[in-house]
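Worksheet: one structure, shown below.
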Number of protein chains: 2
Amino acid sequence: MKTHNYCIAIHGGAGTLLREKMDARLRKKYENALSAALDVGYAMLEGGGSALDAVVASVSALEDCPLFNAGRGSVFNARGEHEMDAAIMEGSSRRVGAVALVRRIRNPIHLARAVMEHTDHVLLAGKGAERFARKMKIERKPKAYFFEALRYKQFLEAKRENKVRLDHDGGTFGTVGAVALDASGKLAAATSTGGMTNKRWGRIGDSPIPGAGTWADDRCAVSCTGTGEYFIRVHAAAQLSCLMRYGRQSLDAAARKVIFESLQDIGGEGGLIAVDHRGHISMPFNTEGMYRASRCRGEAAWIGIFGGENGDALPNDQRI
Amino acid sequence: MKTHNYCIAIHGGAGTLLREKMDARLRKKYENALSAALDVGYAMLEGGGSALDAVVASVSALEDCPLFNAGRGSVFNARGEHEMDAAIMEGSSRRVGAVALVRRIRNPIHLARAVMEHTDHVLLAGKGAERFARKMKIERKPKAYFFEALRYKQFLEAKRENKVRLDHDGGTFGTVGAVALDASGKLAAATSTGGMTNKRWGRIGDSPIPGAGTWADDRCAVSCTGTGEYFIRVHAAAQLSCLMRYGRQSLDAAARKVIFESLQDIGGEGGLIAVDHRGHISMPFNTEGMYRASRCRGEAAWIGIFGGENGDALPNDQRI
């Protein structure tokens, strides 16, 4: 059997991170968290594991880390609650599972996987999804587990200003996601999020919507982050695949077109990570920064936070 | 200003309608309902109204008709309840609004439009969406309004057999939708559904997912019906647009490719209606029938129920 150049990329959200607030100590915290999440996924691929297992492992690690807006550390909606969304998709089989508006689930990505593997459905939401979680014995956590003081402060500020927003000016911020190609040539994508601070009760963003925030087929795997409503309006993740398939564009050209043309033209902000069936990786974003990391077979891990408008690494991105 | 060849197409669902159960009297009932829904939308276009107003008018009429699985006459989920989904999208602006898992709303398509016009969000679900409906003074109806004895019988049968299904063998069946091009050249699409009989509590299908069951951009407007999970897995509605935009295919070639290749290859069943910016209409389906009707500027209305595998009208389809 041909062995593919397995690789994995992860993100921890994109937005207008302020450089001046990112001191060396805080930067190190993020880098360590990204590095740890990347390692667990890469180790799976190195050991012959599937892309599906790798993206679940990396996303679970990011969900467990309170620095990111998913699982523990999720933002608060307009009612001061957590409502989390997640999706997972396997490229070759087109199997996909997603959950929306779930509370108290430690790892929403595990629940999304259970929907994919144990139901006839793709997307379950709200209390019906939570009931299914109990049936599947998916781990729950008490409300206090998800509470982060900084998130609550951001929520109170957003509420006072009557704004729905990404975590713009905090030290912490962002949806999480992972994409991977395994040694057998299979692709998978996973995304998990707490959504937007002060979002309306019942709002579902792009993350759990296959084709918008999450997508995988036999060509590429994609996970997006940013102002979700705009990603939906350009069906960002699946559009990338269409540009490759029908427009005969490379992964990187397609990824840039989605972010710097389709998304930007309608005023959307954010970024995406994508990997194709040959092991190329692209991570464009039109915001000041995107927490991101990647590693390909036989290469060193790469971690970045800020970047140029073209999505390239700037000098302050570093190889570790 | 150039006046476009305005036109509208509607559907009332696709599935394995059994010809032997469709006697002349029942057929007439469906034709009358389709004709009435088509007329209200066409009249709007004829009077210079927008594509958006036309699809809302037609879909509302179909929601109000208990023959179809949307609004009044929606199917029952696994808990014996109604949970309705709907979406609306305007092509030129890419504005889109959707609701999922809403109960007691007479016209879910009106609520989807309110989400589009009065929130920063695209998709609201469950109790959060219902609360928004109250705030917007969207018309509610008591539970009894939605109850149809035949639907309940189908539900009890499906529950006994432990099956999730479309309304396969009943006289009544199907999601509803409309697509239109108006005289100013704008496109719009709308879809509304009660989902699948005996579906799991909290299941969201393709209808309210932009790109899957509903889509509109400056190229085409699309509304799908069938086994929703499969439409999601091929991002059916937006794929059609991609095939036109990047694959340079005609509307009809693209629509057929989505249904007879992408959808069919993974075992999906159903159909779609689509209109492009030049006023072409395509209505392919791979099931035995699809309730459908269309009318273009200066032409007579066209209504069909059964059809050939290629989606063409068969002799028993008729011009009225």
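The values are calculated or read from the model by the stated rules, or taken from the named source; none is laboratory data. Here the structure is a predicted model, which is why all the values come from computation and not from measurement. Backbone-built Cβ (ideal geometry, glycine too); neighbour counts: all protein chains shown. Quick note on the areas: whole protein, heavy atoms, side chains included, nothing else; ligands and nucleic acids left out. Shrake-Rupley method; radii C 1.70, N 1.55, O 1.52, S 1.80 Å.
Looking at the range A:209-217, can you tell me whether even one residue there is surrounded by fewer than 23 Cβ atoms within 10 Å (Cβ to Cβ) and facing chain B (nearest Cβ under 10 Å)? Before you say what the answer is, go through the steps one by one.
Residues of the range A:209-217 surrounded by fewer than 23 Cβ atoms within 10 Å (Cβ to Cβ): none.
No: zero hits.
Going by the conditions given, is B:G298 assigned to a loop (DSSP other than H, G, I, E, B), open to solvent by 10 Å² or more (accessible area, probe 1.4 Å), more than 14 Å from every other protein chain (Cβ to nearest Cβ) and modelled with pLDDT of 95 or more? No.
Do you know which residues across the range A:24-41 are among the small types (G, A, S) and at pLDDT 95 or above? A:A33, A:S35, A:A36, A:A37, A:G41, listed by residue number.
Listed here are the residues, each with its yes/no results for (1) on the phi > 0 side of the Ramachandran plot; (2) under 15 Å from the mean Cα position of the chain (by Cα); (3) surrounded by fewer than 24 Cβ atoms within 10 Å (Cβ to Cβ).
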{"site": "A:N162", "(1), (2), (3)": "yes, no, yes"}
{"site": "A:G194", "(1), (2), (3)": "no, yes, no"}
{"site": "A:G202", "(1), (2), (3)": "yes, no, no"}
{"site": "A:R219", "(1), (2), (3)": "no, no, yes"}
{"site": "A:Y230", "(1), (2), (3)": "no, no, yes"}
{"site": "A:E261", "(1), (2), (3)": "no, no, yes"}
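Scanning the range B:277-295 for residues that are assigned to a strand (DSSP E or B) and charged (D, E, K, R) yields B:R292, B:R295.
Of everything in the range A:240-253, what is in contact (Cβ under 8 Å) with a residue 12 or more places away in the chain and open to solvent by 10 Å² or more (accessible area, probe 1.4 Å)? Give them in sequence order. If the condition is that a residue be in contact (Cβ under 8 Å) with a residue 12 or more places away in the chain and open to solvent by 10 Å² or more (accessible area, probe 1.4 Å), then A:M244, A:R245, A:S250, A:D252 are the ones that fit.
Within the range B:301-310, the set of residues being part of a strand (DSSP E or B) and under 17 Å from B:G174 (Cα atoms) comprises B:I303, B:G304, B:I305, B:F306.
Sub-8 Å Cβ pairs linking a first residue in the range A:127-153 that is within 20 Å of B:G128 (Cβ to Cβ) and aliphatic (A, V, I, L, M) to a second residue that is assigned to a loop (DSSP other than H, G, I, E, B) and open to solvent by less than 80 Å² (accessible area, probe 1.4 Å), at least 6 apart or interchain, are A:A129/B:G202, ordered by first then second residue. Residues that are among the acidic types (D, E), in contact (Cβ under 8 Å) with a residue 12 or more places away in the chain and more than 18 Å from A:R203 (Cα to Cα) are absent from the range B:47-60.
With the structure loaded, tell me whether B:K127 is farther than 30 Å from A:K199 by Cβ and among the basic types (K, R) or whether it fails that test. No. Would it be correct to say that B:A253 is farther than 22 Å from B:I109 by Cβ and within 13 Å of another protein chain (Cβ to nearest Cβ)? The answer is yes for B:A253. In the set (1) more than 9 Å from chain A (Cβ to nearest Cβ); (2) under 18 Å from B:H11 (Cα atoms), B:G228 fails one condition alone, (1). With the requirement that a residue be out of contact with any strand residue (DSSP E or B) (no Cβ under 6 Å at 6 or more places or on another chain), at negative phi and not hydrophobic (A, V, I, L, M, F, W, C), what does the range A:234-259 give you? Selection gives A:Q239, A:R245, A:Y246, A:G247, A:Q249, A:S250, A:R256, A:K257.
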